[in-house]
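To start, the structure under review is shown below, and the notes come after it.
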Amino acid sequence: MAEKLFLEVVTPQKAVVSEEAEIVVAPGSEGEFGALKGHTTFLTSLNMGTLRYKDANGKERLLFINGGFAEVLPNKVTILAESAERRQDIDVNRAQEAKGRAEQRLGTKAANLDLVRAEAALRRAIDRIRVAGMK
Ligand code: ATP
């Protein structure tokens with residue numbers, strides 16, 4: 001049996017994950033990284049993307065995370081994310097609606113369009129739909 005570390009995924013709204021994991025794979029801003037028990041301590045920012053881990057029963061779990069920070073300690077990984085949802089908690093209809101709204105805004109070319117904000121909303125929606133469809 002692989003030795004386990006403790007994984008916490010926290011957002012400003014809630015604790016999303018708090019359980020033991022065999023391995024955690026996260027979208028670090030310097031590239032995807034994996035952490036097993038005993039990993040050297042480090043701190044990194046995170047990109048938007050998929051956080052994967054194997055739970056204590058060896059079952060693979062997936063989450064969407066919207067950027068943030070990871071602190072890796074030898075026996076614990078803490079993820080502080082802007083927002084995060086477990087794959088099965090992603091509301092695909094909501095994400096489709098968010099995608100539609102963002103596309104509509106981007107299509108208007110309005111003078112007061114906040115391009116960065118609209119593009120970020122579109123990326124979140126597309127990524128949520130992608131993670132929800134992953135096996
Ligand atoms: P929306 O426009 O639908 O609110 P958003 O990308 O602006 O989407 P966020 O600001 O990233 O939303 O997240 C706000 C809160 O709503 C967070 O708690 C996040 O986990 C949750 N959330 C957003 N979209 C979804 C979704 N499709 N399914 C489940 N939870 C979601």
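Within segment 88-113, take every residue that is outside any helix (DSSP H, G or I) and within 13 Å of the ligand (Cβ to nearest atom) and give me the one that is farthest from residue 26 (Cα to Cα).
Checking each candidate, the answer is 91.
Looking at segment 14-26 only, could you name the residues that are of a type outside the set (Val, Ile, Thr) and buried (at least 18 other Cβ atoms within 10 Å of the Cβ)?
Hits for segment 14-26 are 21, 22, 26.
Go through 126, 79 for me and flag whichever is of a type in the set (Val, Ile, Thr) and open to solvent by less than 20 Å² (accessible area, probe 1.4 Å).
Within the list 126, 79, the selection yields 79.
Out of everything in segment 114-134 that is away from the ligand (no atom under 11 Å from the Cβ) and out of contact with any Leu (no Cβ under 9 Å at 6 or more places or on another chain), what residue ends up being modelled with the lowest pLDDT?
Across segment 114-134, the extreme among qualifying residues is 114.
Would you be able to say whether some residue in segment 67-87 is more than 9 Å from the ligand (Cβ to nearest atom), in a loop (DSSP other than H, G, I, E, B) and either closer than 30 Å to residue 36 by Cβ or not assigned by TED's automatic domain parsing to the domain that holds residue 45 (or both)?
Yes: segment 67-87 contains one or more residues that are more than 9 Å from the ligand (Cβ to nearest atom), in a loop (DSSP other than H, G, I, E, B) and either closer than 30 Å to residue 36 by Cβ or not assigned by TED's automatic domain parsing to the domain that holds residue 45 (or both).
Please state which of the following conditions residue 93 fails to meet, knowing it meets all the rest: (1) more than 28 Å from residue 2 (Cβ to Cβ); (2) crowded, with 19+ Cβ neighbours inside 10 Å.
Single failed check for residue 93: (2).
Quick one: count up the residues across segment 32-71 that are in contact with a Pro (Cβ under 8 Å, 6 or more places away or on another chain), on the phi > 0 side of the Ramachandran plot and loosely packed, with under 15 Cβ neighbours inside 10 Å.
Residues meeting the conditions: 1.
The values are calculated or read from the model by the stated rules, or taken from the named source; none is laboratory data. What you see is a predicted model; the values in this text were computed from it and never measured. Here Cβ is always computed from backbone atoms with ideal geometry, including for glycine, and neighbour counts include all displayed protein chains. For accessibility, only protein heavy atoms count, side chains too; no ligands or nucleic acids. Shrake-Rupley method; radii C 1.70, N 1.55, O 1.52, S 1.80 Å.
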